[in-house]
Amino acid sequence: MKKFLFKIIILFLIMFALDRSLGRLADHYFFKTRDGDTGGQINGLLEKKAPILVFGSSRAEGQYVPDVLGKSLGGEAFNAGFKGSSSLYDYALLRLVLEHYTPSLIIYDFSVQTINKSEDPYSKLYPLYPFRSSPSVWELLKKRSRLEPLFFFSRLYPYNSKLHSVMMFNIWKNRPGASNGYFPQRSVMRPVPLEEPDRKEAGERDPLLVDYYKQFIQLAKERGIKVVVVCSPRYSTGAYDIPQDLIRYLEEMSVPFFDFDLNGYPQFSDHKLYKDLDHLNDVGAEIFSELLGQKIGALQFIPALPASTP
Amino acid sequence: MLFNSPQFIIFFPIVVLLYFLCPYRFRWVLLLCASYYFYMCWKAEYVLLLIFSTLIDYVMGLLMAKEPTKAGRKKYLLISLVVNLGLLFLFKYFNFFSDSARAALAQFNIFYNAPAFKALLPVGISFYTFQTLSYSIDVYRGDMKPERHLGIFALYVSFFPQLVAGPIERPQNLLPQFYGKYDFSYERVRDGLKLMLWGFFKKVVVADRLLFYVEAVYGNVSQHNGVTLLLATVFFAFQIYCDFSGYSDIAIGSAKVMGFDLMRNFNRPYFSKSVAEFWKRWHISLSTWFRDYVYIPLGGSRVPAARWHINLFLTFLISGLWHGANWTYVAWGALHGFYFTCSVLTQPLRERVAAASGLARHPRFHAFIRTVFTFFLVCLGWVFFRAANLSDAILILKKIFSDPGPLFLGGFRDIMYGVMGIVFLVGFDFWSRGQDVDQFLGRQKLVVRWGFYVLMALSILTVGVFDHASQFIYFQF
């Protein structure tokens with residue numbers, strides 16, 4: 001028993017020393033990155049302090065071109081969309097942003113996947129793990145499970161699945177073509193009939209995520225940020241139903257809502273504008289961003305935007 | 001409770017500590033309570049099914065012991081079979097057969113509303129049902145005496161390390177071990193922990209990484225080309241291997257820490273040189289179960305050749321159905337049955353071809369070719385196993401053979417980590433030459449051993465997937 005305890009203690013000491021030293025190193029290099037699909041992009045976002053922010057999932061990340069939007073709206077834009085994100089992640093990210101500055105306009109891409117039921121919704125917060133020292137982020141991270149804080153005793157755990165990204169983005173700085181969080185999708189979808197018969201049906205809504213969606217809107221409004229919700233194009237005529245209760249909520253909150261349904265916008269019925277059924281490619285994104293910029297500009301509810309927020 | 005959950009990381013050391021502090025005569029009580037708690041963490045009320053199954057088999061075992069003849073014992077065996085298989089049928093297969101019957105009748109313009117049994121499938125029901133059945137059948141055959149201690153028998157059915165996904169233990173191996181008096185043994189605890197660490201690595205670093213790519217591709221088959229589908233299939237082959245053998249390693253390791261020896265469940269299956277050999281190395285506890293309780297009672301190989309092939313085919317068909325209530329599993333089982341019979345029938349021809357082509361003079365190269373070909377055949381089977389339905393499976397096979405194109409890189413991070421994991425795993429399996437990780441490491445120098453422990457632990461921490469929703473694939477069976 002003594003021998004076992006002795007060896008276990010030695011192993012733990014080695015692990016502890018490695019965890020601390022490698023974790024420190026990871027911290028150092030992570031906060032030097034400004035782009036990346038595992039959280040580095042958030043550093044860029046917090047540094048830029050752009051007055052126009054785009055939130056949402058991969059449908060935001062690759063579809064809203066900040067340069068085009070910024071030009072139309074007269075201010076710097078940053079795309080904070082994140083592949084596979086949920087409304088919970090968006091809400092947590094907004095709270096983190098608000099700890100640093102207050103943007104003027106948020107364009108929030110709506111995608112049913114961001115409010116769909118998943119078995120472990122808090123796992124979607126993983127890009128924010130390195131920001132555990134932020135009180136608002138920590139408050140949400142802890143909610144994953146009672147035992148979750150135990151994992152954060154490790155200094156390396158926040159960098160789980162991120163070390164390669166930290167290394168790569170310290171060497172190459174940005175993803176090729178990435179600019180202000182936007183990551184162009186250069187491939188073109190194969191031609192398929194517009195009405196794809198075996199489209200996956202929209203999943204079951206998660207009341208928790210619907211609630212976070214509403215909290216996101218509410219928080220932004222409370223902080224005086226203008227919000228526009230957008231349902232961007234998909235290569236499908238009868239895509240997903242937008243929950244009526246959410247539309248009513250947006251109306252109650254006086255949040256403009258643009259639905260780029262293909263019936264109303266037939267110019268997006270061309271498969272060459274898509275990377276896949278759910279995502280526009282770079283060409284489609286440029287056209288869409290231009291059009292969206294004009295539509296938001298026509299609202300005339302945005303005050304003159306500064307180039308960037310101090 | 002999942003092995004890869006934080007709850008288990010707390011649960012297991014507490015159980016082990018209490019186990020070694022507990023007097024020998026009360027240890028079964030502790031383990032039984034721990035096992036029921038382990039099971040109840042998933043869905044508490046389903047423990048009643050487990051208890052019911054335990055009581056039926058316990059009573060039938062005792063009643064069978066009072067009957068001197070097989071004929072007398074038969075009725076009790078039948079009760080045990082009907083109850084256990086009935087529960088399994090109700091929870092796992094009722095909707096499948098009901099839907100299939102409805103679809104078949106609809107072909108003849110006969111329509112009816114198929115009744116549905118709406119209940120969650122009790123986790124591990126196929127595993128503990130087979131374990132209890134092996135007890136009843138062995139008692140019926142007179143191969144063993146019935147267990148008279150209800151608590152020990154209940155522990156045999158519910159022993160937490162192997163309760164929900166095996167290895168499916170035999171009563172002759174496990175029951176006597178519960179009477180053993182095991183003191184803390186440094187060597188056993190060390191070896192058990194090594195196995196557990198290796199199992200965690202396989203599960204959270206390799207299997208769960210590969211899962212992302214496999215799900216992305218298999219979830220949207222029509223949008224992917226043959227090259228991508230082929231890679232996803234190869235990834236699935238390693239995902240399911242690491243997932244299931246990882247579970248088995250954790251199960252065997254955690255039992256070993258407490259002094260129990262569970263049977264080995266995997267032995268480098270992808271190094272098999274034939275499908276027959278694959279089944280001697282893959283899910284060994286299940287394939288030997290089917291051999292002893294299905295194949296041999298059907299007559300095995302001691303029957304005319306045609307009947308022998310039917311026996312082989314039937315055994316694989318049932319094995320496919322055991323895995324899940326879906327035609328894809330039936331097709332997977334049938335395909336392996338087909339492989340098996342073909343391999344038996346073509347053996348003389350293959351030997352002649354090897355001799356004529358000169359391959360027989362280069363045994364290493366010949367073995368390599370056979371290994372690659374066997375892996376290819378097994379992967380074709382995995383297409384049916386993983387596809388959502390038969391039409392998807394056929395579409396995937398069509399595309400693999402006829403639709404080239406650029407590889408979908410999707411989550412490149414997952415591909416990179418997955419490939420690194422596969423290379424490490426295959427390298428380890430190659431160098432270990434069939435030894436378990438504890439035996440293999442035991443022969444290495446201190447630096448290698450400790451380097452291995454640290455590397456495993458760091459990999460789990462930095463690359464492992466800690467998604468609480470990530471279950472083991474075989475839980476659904």
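The values are calculated or read from the model by the stated rules, or taken from the named source; none is laboratory data. Since the model is a prediction, treat every value here as computed from it, not as a measurement. Positions of Cβ are backbone-derived with ideal geometry, glycine not excepted, and every protein chain shown enters the neighbour counts. For the accessible areas, the whole protein counts, side chains as well, though only heavy atoms, and no ligand, DNA or RNA atoms are used. Shrake-Rupley method; radii C 1.70, N 1.55, O 1.52, S 1.80 Å.
Run the numbers on region A:1-36: which residues show a drop of 50 Å² or more in accessible area, chain on its own versus all protein chains together, using a 1.4 Å probe over heavy atoms?
Going by heavy-atom accessible area, the residues of region A:1-36 that drop by at least 50 Å² are A:M1, A:F4, A:K7, A:L11, A:M15.
How far is it, in nm, from the label point at B:A101 to the one at A:F31 when both lie 7 Å from their Cα along the line to the Cβ?
6.7 nm
In angstroms, what radius of gyration and Dmax does region B:94-218 have, counting Cα atoms only?
Here Rg and the maximum Cα pair distance are 21.6, 69 Å.
Which three numbers, in whole Å and largest first, are the semi-axes of the equivalent ellipsoid of chain B derived from its Cα gyration tensor as √(5λ)?
Whole-Å semi-axes of the equivalent ellipsoid: 34, 31, 24.
Provide the per-residue ³J(HN,Hα) series for region B:256-263, in order, calculated from phi with Karplus coefficients 6.51, -1.76, 1.60 and θ = phi - 60°, each as a whole number of Hz, with x at glycine and proline positions.
Residue by residue, region B:256-263 yields 5, 4, 8, x, 9, 9, 9, 6 Hz.
Using a loss threshold of 10 Å², tell me which positions in region B:4-34 are less accessible in the complex than in their chain alone. Probe radius 1.4 Å, ligands and nucleic acids ignored.
B:P6, B:Q7, B:I10
For a 23 Å ceiling on Cα separation, which of these pairs sit above it: A:K124/B:K203; B:K202/B:K256; A:K117/B:K398; A:K117/B:K92; B:K92/B:K145; A:K49/A:K71?
Table pairs above 23 Å Cα-Cα are A:K117/B:K398; A:K117/B:K92; B:K92/B:K145.
Within a Cβ distance under 11 Å of A:Y157, other residues only, what is the Lys/Arg minus Asp/Glu net charge?
+1
Going by amide H atoms built from the backbone, whose H comes under 5 Å of the H on A:F78, apart from near neighbours?
Amide H to amide H, under 5 Å and 5 or more residues apart or across chains, A:F78 pairs with A:I52, A:L53, A:V54.
Any idea of the total accessible area buried by the B-A contact, 1.4 Å probe, rounded to 100 Å²?
Summing both sides, the interface buries roughly 2900 Å².
Considering amide H positions built from the backbone, and no H for Pro or chain starts, which residues 5 or more places from A:V230, or on another chain, come under 5 Å of its amide H?
So A:V230 has HN proximity to A:Y108, A:D109, A:F110, A:F258.
Given q = 0.11, 0.21 Å⁻¹, what are the Debye log10 I(q)/I(0) values for region B:31-180, with equal point scatterers placed on the Cα positions and solvent ignored?
So the normalised log intensities work out to -0.48, -1.24.
Stretch B:A305-B:L18 to full length: gain in nm at 0.36 nm per residue minus the Cα-Cα span?
97.8 nm
Is region B:203-327 rounded, prolate or oblate when judged by the Cα gyration tensor, a ≥ b ≥ c being the square roots of its eigenvalues, rounded requiring a/c under 1.5 and prolate requiring a/b larger than b/c?
The shape class here is oblate.
Share of chain A's accessible area from carbon and sulfur, percent, 1.4 Å?
57 percent
Where Rh is the Kirkwood radius over the Cα pairs of the protein assembly as shown, the temperature 37 °C and the viscosity 0.692 mPa s, what D in µm²/s does Stokes-Einstein return?
D, rounded to a whole number, is 112 µm²/s.
Tell me the accessible surface of A:D211 in square angstrom (1.4 angstrom probe, heavy atoms of protein chains only), to the nearest ten.
80 Å²
Would you give the gap between the C-alpha center of region B:394-442 and the C-alpha center of region B:291-350, rounded to a whole Å?
Here the two parts' Cα centres lie 28 Å apart.
Rounded if a/c is under 1.5, else prolate if a/b beats b/c, else oblate: with a ≥ b ≥ c from the C-alpha gyration tensor eigenvalues square-rooted, which is region B:296-432?
Note, shape of region B:296-432 comes out oblate.
Any idea what the dipole of the protein assembly as shown comes to, in debye rounded to 20, about its Cα centre with Lys/Arg Cβ at +1 and Asp/Glu Cβ at -1?
With only Lys, Arg, Asp and Glu charged at Cβ, the dipole is about 3080 debye.
Have a look at region B:384-458 and give its Rg and Dmax from the Cα atoms, expressed in angstrom.
Reported Rg and Dmax, both Å: 18.9, 53.
Using modelled backbone amide H atoms (1.01 Å from N, in-plane), which distant-in-sequence or interchain residues come within less than 5 Å of A:R132's amide H?
none
Which FRET efficiency value, to the nearest 0.05, do you get for B:V29 and A:E119 by plugging their Cβ-Cβ distance into 1/(1 + (r/R0)^6) with R0 = 30 Å?
Efficiency, rounded to the nearest 0.05: 0.35.
Would you mind getting the accessible area per residue of region B:61-217, heavy atoms of the protein chains only, 1.4 Å probe, in Å²?
Dividing the accessible area of region B:61-217 by its residue count gives 41 Å².
Label points 7 Å out from Cα along the Cβ direction at B:N389 and B:L409: separation in nm?
Going by the 7 Å Cα→Cβ label model, 3.5 nm.
Going from most exposed to least, what order do B:L155, B:L317 have by accessible area with a 1.4 Å probe?
B:L317, B:L155
Tally Lys and Arg at +1 and Asp and Glu at -1 over the other residues with C-beta under 15 Å from the C-beta of B:T315: what net charge comes out?
+3
Given the protein chains as shown and a 1.4 Å probe, how many square angstrom of B:M144 are accessible, to the nearest 10?
B:M144 exposes around 30 Å² with every protein chain in place.
Please give the calculated 222 nm ellipticity per residue for chain B, where each DSSP H segment of at least 4 residues contributes -39500 (n - 2.57) and the sum is spread over every residue; nearest 500 deg cm²/dmol?
Mean residue ellipticity at 222 nm (helix-derived): -22000 deg cm²/dmol.
Could you give the accessible area per residue of region A:35-299, probe 1.4 Å, as a whole number in Å²?
39 Å²
Which values, in whole Å and largest first, are the semi-axes of the equivalent ellipsoid of chain A obtained as the square root of 5 times each eigenvalue of the Cα gyration tensor?
The three semi-axes for chain A are 36, 21, 20 Å.
For a quick protection proxy, order the peptides B:145-151, B:348-354, B:191-197, A:51-57 by their average other-Cβ count within 10 Å, most packed first.
Packing order, densest peptide first, comes out as A:51-57, B:191-197, B:145-151, B:348-354.
Using a probe of 1.4 angstrom, how much of the accessible area of region B:25-72 is carbon and sulfur, in percent?
Of the solvent-accessible surface of region B:25-72, carbon and sulfur hold 72 percent.
From other protein chains only, count the Cβ atoms within 10 Å of every residue's Cβ in B:457-463, then give the mean.
6
Kindly tabulate the residues in region B:202-249 with an accessible-area decrease of at least 30 Å² between the chain alone and the assembly of all protein chains, using a probe of 1.4 Å.
Those residues are B:S222, B:Q223.
Would you mind counting up the charge near A:I9? Only other residues with Cβ under 13 Å from its Cβ, with Lys and Arg at +1 and Asp and Glu at -1.
Neighbour charge sum, excluding A:I9 itself: +3.
Normalising by the residue count of region B:1-95, find the relative contact order in percent from Cα pairs under 8 Å and 6+ residues apart.
Relative contact order, region B:1-95: 17 percent.
Within 10 Å of each Cβ in A:160-171, how many Cβ atoms from other chains are there, averaged over the peptide?
Shielding by partners across A:160-171 averages 3.
Using a basic spin-label model with each label point 7 Å from the Cα along Cα→Cβ, how many nm lie between A:M253 and A:K272?
Each label point lies 7 Å from its Cα, and together they span 3.9 nm.
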